[in-house]
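In what follows, a single structure is set out as structure tokens and then discussed.
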There are 2 protein chains.
Amino acid sequence: MSDLLEARQVDTATRILDAAEVLFVEHGFEATSMRMITQRAEVNLAAVNYHFGSKDALFQGVFTRRLTPLTRLAVQNLDKLEAEAGPNAPSVDAIMHAFVDAALDIAHDPKRGGVIFVRLLSRTFVESHPALRESLPRHYEELVARYAQATAKALPHIDSNELQWRLSFAFSAIFNAFAGNNILRLFVSDPVVNARDPRLIATYLVPFVVAGLIAPATAKGA
Amino acid sequence: MSDLLEARQVDTATRILDAAEVLFVEHGFEATSMRMITQRAEVNLAAVNYHFGSKDALFQGVFTRRLTPLTRLAVQNLDKLEAEAGPNAPSVDAIMHAFVDAALDIAHDPKRGGVIFVRLLSRTFVESHPALRESLPRHYEELVARYAQATAKALPHIDSNELQWRLSFAFSAIFNAFAGNNILRLFVSDPVVNARDPRLIATYLVPFVVAGLIAPATAKGA
DNA sequence: GTATGTTTCAAACAACCGTTTGATCGAATG
DNA sequence: CATTCGATCAAACGGTTGTTTGAAACATAC
């Protein structure tokens with residue numbers, strides 16, 4: 001068959017990954033059934049187990065396909081930043097931009113998952129599913145260590161305990177924002193803010209978390 | 001039988017609510033089965049449907065029991081704050097403390113749900129389950145309107161669009177922190193920070209979100 | 001004591017879950 | 001052409017899901 005006309009007929013495994021990616025971010029892992037996935041991918045029900053082994057393994061497969069490009073990009077951005085800064089520490093603003101820009105790049109590139117994967121990744125971080133509690137950290141260890149270390153260098157007056165809390169808060173805000181969870185929408189019926197465009201979100205997001213990170217150290221003897 | 005000795009034998013419906021509260025926060029709504037709930041509550045399987053009608057309705061029941069005291073307390077705290085400030089606007093720091101203190105009060109009072117309900121509430125906000133997407137906003141409308149309005153008065157130089165984003169980020173950080181989702185634990189194998197005591201969290205949390213809220217307005221023509 | 005209305009109970013319901021099976025297809029290899 | 005091997009398929013697997021049923025147990029009122 002002419003590989004020119006029918007080459008678009010994508011791989012079965014890829015079709016499954018694409019379908020699962022969308023459904024997981026829409027309904028969550030537990031609420032997404034095998035039958036929903038295979039139906040959307042237009043493949044046989046048994047195809048998931050044949051190609052991936054199990055539903056849990058498929059979940060991991062969805063991530064391993066996308067995760068490496070993202071972490072590599074985020075680390076590259078930080079590398080470049082530190083190279084430019086030379087002996088000085090890059091500013092917290094620049095560090096946070098390096099991270100968020102990596103996510104934005106992915107979000108605008110459908111071939112690397114696009115906004116759907118960014119939302120799925122964020123949602124998964126927040127919900128923390130057991131099937132990924134072991135595999136995800138391995139992918140991220142270097143990334144987080146590098147960013148935590150860079151932030152610590154930029155903020156030497158914040159003790160490491162408080163800084164770790166602040167980074168935790170900052171990433172909470174970042175991941176929730178990218179996950180499309182406009183928390184206000186949960187209780188305000190008609191929110192002014194409803195855009196899901198990550199680039200727009202980042203405009204307001206970065207200054208917010210930077211301000212929180214660089215705030216004066218909390219008094220110890222409270 | 002003597003109501004003195006056996007009065008502690010609590011209501012069946014209450015036993016179900018208590019059991020469901022714990023299980024929902026531990027495993028999430030979807031992953032918690034009726035049989036898990038009734039087994040923990042030591043009641044018959046049919047009791048849930050008899051007393052609440054359905055699993056979804058039980059989910060709502062878990063919230064309506066606890067939500068009113070929490071929102072009332074949070075609004076009371078804000079009332080008191082504004083009364084003290086007179087014509088002046090309370091500081092953002094005081095406003096955020098009013099909200100967080102309400103959550104802390106609940107967290108330390110087992111009779112109003114304790115830390116378990118605070119975590120469940122936070123988790124539910126983040127995950128946003130369909131069964132509550134309609135009922136929760138009604139409970140919270142006044143609360144959020146009041147706090148948003150107070151914050152707007154304290155920060156007149158921030159336009160309402162940006163302020164709504166910032167509030168969204170701030171509540172993301174707050175709810176995630178109380179939900180016990182130490183995001184860093186997801187990728188750092190041995191986090192320095194691992195405490196779940198809400199009062200300890202709040203020590204670092206409030207300064208962080210306040211700094212983010214009161215940061216200079218983002219330049220518009222970027 | 002009898003009748004009334006509420007609560008509890010074991011059992012079963014249909015529907016769905018993730019997974020497995022064994023047959024069948026299709027293309028590449030000898 | 002025959003064989004082999006990976007991919008696809010309909011069908012069924014055992015198990016769990018939320019919910020319903022009808023009888024039994026209970027308390028309350030007449």
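The values are calculated or read from the model by the stated rules, or taken from the named source; none is laboratory data. Just so we're clear, the structure is a prediction, and the values are computed from it rather than from any experiment. Neighbour counts run over all protein chains shown; Cβ positions are idealised from the backbone, glycine included.
In the set (1) assigned to a helix (DSSP H, G or I); (2) at pLDDT 85 or above; (3) of a type in the set (Val, Ile, Thr), the condition left unmet by B:Val126 is number (2).
Can you tell me which residues in segment A:45-75 are hydrophobic (A, V, I, L, M, F, W, C) and touching an Asp or Glu at 6+ places or on another chain (Cβ under 8 Å)? First the steps, then the outcome.
Here is the first cut: in segment A:45-75, the ones hydrophobic (A, V, I, L, M, F, W, C) are A:45-48, A:52, A:57-59, A:62-63, A:67, A:70, A:73-75.
Of everything in segment A:45-75, those that are hydrophobic (A, V, I, L, M, F, W, C) and touching an Asp or Glu at 6+ places or on another chain (Cβ under 8 Å) turn out to be A:Val62, A:Leu73, A:Val75.
Residue under question is B:Leu70, and the condition is that it be in a helix (DSSP H, G or I), within 14 Å of chain A (Cβ to nearest Cβ) and more than 12 Å from DNA strand C (Cβ to nearest atom); does it hold? Here the answer is yes, as B:Leu70 does meet what is asked. B:Thr32 passes every criterion in (1) surrounded by 20 or more Cβ atoms within 10 Å (Cβ to Cβ); (2) within 14 Å of DNA strand C (Cβ to nearest atom); (3) not in a helix (DSSP H, G or I) apart from (2).
The residue list B:Phe63, B:Phe24 contains one member that is away from DNA strand D (no atom under 15 Å from the Cβ), within 14 Å of chain A (Cβ to nearest Cβ), among the aromatic types (Phe, Trp, Tyr) and in a helix (DSSP H, G or I), which is B:Phe63.
If the condition is being within 25 Å of B:Ile201 (Cβ to Cβ), in a helix (DSSP H, G or I) and either outside the structural domain of A:Ala102 (by TED's automatic domain parsing) or at pLDDT 90 or above (or both), then segment A:177-222 contributes A:Tyr204, A:Leu205, A:Val206, A:Pro207, A:Phe208, A:Val209, A:Val210, A:Ala211, A:Gly212, A:Leu213, A:Ile214.
Going by what's in this entry, would A:Leu70 be described as in contact (Cβ under 8 Å) with a residue 40 or more places away in the chain and under 30 Å from B:Phe29 (Cα atoms)? Break it down into steps so the answer makes sense when it comes.
Values: in contact (Cβ under 8 Å) with a residue 40 or more places away in the chain: yes; under 30 Å from B:Phe29 (Cα atoms): no.
Here the answer is no, as A:Leu70 does not meet what is asked.
Can you say whether A:Glu26 is within 30 Å of A:Gly212 (Cβ to Cβ) and either of a type outside the set (Gly, Ala, Ser) or in the same structural domain as A:Ala150 (by TED's automatic domain parsing) (or both), as far as the supplied structure shows? Lay out the reasoning, then the answer.
Working: within 30 Å of A:Gly212 (Cβ to Cβ): no; either of a type outside the set (Gly, Ala, Ser) or in the same structural domain as A:Ala150 (by TED's automatic domain parsing) (or both): yes.
In short, no.
Determine if segment B:125-142 includes at least one residue that is within 16 Å of DNA strand C (Cβ to nearest atom), under 28 Å from A:Ser122 (Cα atoms) and within 13 Å of chain A (Cβ to nearest Cβ). Yes. A count restricted to segment A:147-176 and to residues that are crowded, with 19+ Cβ neighbours inside 10 Å, part of a helix (DSSP H, G or I) and not small (Gly, Ala, Ser) stands at 13.
Do we find a residue being away from DNA strand D (no atom under 11 Å from the Cβ) and within 14 Å of chain A (Cβ to nearest Cβ) anywhere in segment B:82-94? Yes, there is a match, as at least one residue in segment B:82-94 is away from DNA strand D (no atom under 11 Å from the Cβ) and within 14 Å of chain A (Cβ to nearest Cβ). Of the listed requirements (1) assigned to a helix (DSSP H, G or I); (2) away from DNA strand D (no atom under 15 Å from the Cβ); (3) more than 14 Å from chain A (Cβ to nearest Cβ), B:His51 misses just one: (2).
Could you grab me the full set of residues in segment A:39-51 that are within 8 Å of DNA strand C (Cβ to nearest atom) and buried (at least 16 other Cβ atoms within 10 Å of the Cβ)? The one that is within 8 Å of DNA strand C (Cβ to nearest atom) and buried (at least 16 other Cβ atoms within 10 Å of the Cβ): A:Val48. Screening the candidates A:Ala98, A:Ala89 for the property of being at pLDDT 90 or above, in contact with a helix residue (DSSP H, G or I) (Cβ under 6 Å, 6 or more places away or on another chain) and outside any helix (DSSP H, G or I) yields one hit, A:Ala89.
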